[in-house]
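Reviewing the structure listed below.
The values are calculated or read from the model by the stated rules, or taken from the named source; none is laboratory data. Since the structure is predicted, the reported quantities are computational estimates derived from the model, not experimental observations. Backbone-built Cβ (ideal geometry, glycine too); neighbour counts: all protein chains shown.
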Amino acid sequence: MLLCTHRTAATTSPNCNRVYVRNLQNVTRTTPVSTDELALRGRFAAVSAAVASRAKDLNKMGPDKTAFNAQKDQPGGKKTMKKFLWSLELAAWDDAHPNG
């Protein structure tokens, strides 16, 4: 894994970049996977699949684009279509699964 950072310094020092390297082959999880984490993984997988399917559904493209354009400039509006679709599908999944 390679992580690079850059900061804008108020000084004349050219040393504003840092690079961190970590070998991921030697990393092992120290705690077991919890049931809550498994539930969140399942939720993410289900919503992700629903978003991908909805983005390709020709019957929903027109209404989704109209609804997206109507809300994107409003306070709290989603600025990208993908984020908008995620909010719709996440709300639908949460409504269908009230206990988690």
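Structure notes:
- The residues of segment 81-100 that are without any contact (Cβ under 8 Å) to a residue 12 or more places away in the chain and either outside any helix (DSSP H, G or I) or in contact with a Gly (Cβ under 8 Å, 6 or more places away or on another chain) (or both), listed by number, are P98, N99.
- Residue check for V47: in contact (Cβ under 8 Å) with a residue 40 or more places away in the chain and closer than 20 Å to D95 by Cβ: yes
Okay, residues lined up against (1) assigned to a loop (DSSP other than H, G, I, E, B); (2) under 30 Å from H97 (Cα atoms); (3) within 17 Å of the chain's Cα centre (by Cα); (4) modelled with pLDDT of 80 or more:
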residue: T5; (1), (2), (3), (4): no, no, no, yes
residue: A9; (1), (2), (3), (4): yes, no, no, no
residue: N15; (1), (2), (3), (4): yes, no, no, no
residue: R18; (1), (2), (3), (4): no, no, no, yes
residue: R43; (1), (2), (3), (4): no, yes, yes, yes
residue: A46; (1), (2), (3), (4): no, yes, yes, yes
residue: A55; (1), (2), (3), (4): no, yes, yes, yes
residue: P63; (1), (2), (3), (4): no, yes, no, yes
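- Filter pass, E37 being acidic (D, E) and in contact (Cβ under 8 Å) with a residue 24 or more places away in the chain: no
- For segment 58-80, the set of residues classified as touching a helix residue (DSSP H, G or I) at 6+ places or on another chain (Cβ under 7 Å) and free of Cβ contacts under 8 Å to residues at least 12 places away in the same chain consists of K60, G77, K78, listed by residue number.
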